[in-house]
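The values are calculated or read from the model by the stated rules, or taken from the named source; none is laboratory data. Note that the coordinates shown come from a computational prediction; the quantities given were computed from them, not determined experimentally. Note: ideal-geometry Cβ built from the backbone for every residue, glycine included; neighbour counts use all protein chains shown. Protein only, heavy atoms only, side chains kept; ligands, DNA and RNA dropped before computing areas. Shrake-Rupley method; radii C 1.70, N 1.55, O 1.52, S 1.80 Å.
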Amino acid sequence: MQKAHLYEALYLVNHGIDEAVRGVQRLKKAPQAFREVYYKSVAGLERRRALINGQFMHEMSGEEEDNASFFEEEYNRWLSDDPLDNEEIYKLVRFLEDQRKKMGEPPIVQFLKPKKQEKEKENTVLKQVLKDTTPKPRSRLRKPKRKDKAAQSRAATDALAA
């Protein structure tokens, strides 16, 4: 939560003003001359609280509305039946990997840096080119010799003569 600390700060301001009002109420037990200061103090604190809350909420409402419309689009995009394009798939995988990293789990997918990606592409292209142009190695096994019928009969006669 990136905005939680802002709302927490507003809570602390309001909590502090509540404490100040309670302190002034305890002073209410003072003599009659203090009554005017008491009412002015409580009214001043509440006025400042209202100004701070109003200004904060006014500024945050615009940001919240922008976020709501952005996440509405994201929500509809991921739930649609249309296939994701490459950029959307990349964003989704990147998001999932960031979540795994925050939870302390090892990555499933490794992202290459732009320079590494270019080198990997070059290496792949070079390997493909070399593969296409390099002659295929010959097998070390001897190919069986073709035997003609004449050669077979000659071998048979030689065996009989011996």
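Determine if region 56-74 includes at least one residue that is farther than 30 Å from Leu92 by Cα and surrounded by 12 or more Cβ atoms within 10 Å (Cβ to Cβ). Within region 56-74, one or more residues are farther than 30 Å from Leu92 by Cα and surrounded by 12 or more Cβ atoms within 10 Å (Cβ to Cβ). Every listed requirement among (1) part of a helix (DSSP H, G or I); (2) open to solvent by 50 Å² or more (accessible area, probe 1.4 Å) is met by Arg49 save one, (2).
Looking only at region 137-146, decide whether some residue is at pLDDT 75 or above, open to solvent by 90 Å² or more (accessible area, probe 1.4 Å) and either among the polar types (S, T, N, Q) or outside any helix (DSSP H, G or I) (or both). No, region 137-146 contains no residue that is at pLDDT 75 or above, open to solvent by 90 Å² or more (accessible area, probe 1.4 Å) and either among the polar types (S, T, N, Q) or outside any helix (DSSP H, G or I) (or both). Under 23 Å from Leu6 (Cα atoms), exposed (fewer than 11 other Cβ atoms within 10 Å of the Cβ) and at pLDDT 80 or above - does that describe any residue in region 79-98? Scanning region 79-98 turns up no residue that is under 23 Å from Leu6 (Cα atoms), exposed (fewer than 11 other Cβ atoms within 10 Å of the Cβ) and at pLDDT 80 or above.
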